[in-house]
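K.L.:
My questions all concern the structure below.
Readers should treat all values here as calculations from the given coordinates under stated rules, not as data from a laboratory. These numbers were taken from a predicted model, which means no experiment stands behind them. Cβ placement follows ideal geometry from the backbone for every residue including glycine, while neighbour counts extend to all protein chains displayed.
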Amino acid sequence: MSSAPPAAVDIMDALLRATDETPYPGHEGLERLIRRAAVPGPAPKAAPVPTPEAAAIRPILRPVPPKAKRPSKRKATHYIEVGAAIRLDAARDALAEMARDSAPTARRISKSAILEAALTLACDAFEATGPQSPLARRLLGQPGQSAPKTPA
């Protein structure tokens, strides 16, 4: 017996040279497939009818209330000093501890939530007092009562 693989059959060549009486490779398999596809499949099984005992055991399904829509958020990347990042971590840890002590099911405290709240407070103060706000004084370097500085 030879260890060489059998010669490949060129199906396209066989199809082009075939006459109406000439079978081509896979002709029988194709005819079987066509016959099987033409036969309708088995009828779907009917769902079993529950007994009265089984109906009594079934749990009562209540509709799930829709989730409250949260305001849309936008991802942003900003760079902050290392000292400010350390203070942010410490604030998150302290607020998370306070939340655990006050209500075990309280909202999770995240850095994003802290930054969003701080940004809202800073912008509210800026919109109310303009150049006299702690935000403006810190960034513009104006004299007067300034907000506490980030340690270096």
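K.L.:
What length, rounded to one decimal in nm, is gained on full extension from His78 through to Arg107, with 0.36 nm per residue of separation minus their alpha-carbon distance?
P.N.:
My answer for the length gained is 8.0 nm.
K.L.:
Kindly list the residues of region 70-97 that lie in the label zone of Glu116, defined by a backbone N under 13 Å from the point 7 Å along the Cα-to-C-beta vector.
P.N.:
Inside the label zone: 70-76.
K.L.:
Ranked from highest to lowest mean number of other Cβ atoms within 10 Å per residue, what is the order of the peptides 116-125, 36-45, 131-140?
P.N.:
Working: 116-125: 12.4, 36-45: 6.5, 131-140: 14.6.
In descending order of packing, they fall as 131-140, 116-125, 36-45.
K.L.:
So for region 34-99, taking the charge dipole from beta-carbon charges (+1 Lys/Arg, -1 Asp/Glu), which of Ser72, Ile57, Pro42 sits furthest toward the positive end?
P.N.:
Of the candidates, Pro42 comes out farthest on the positive side.
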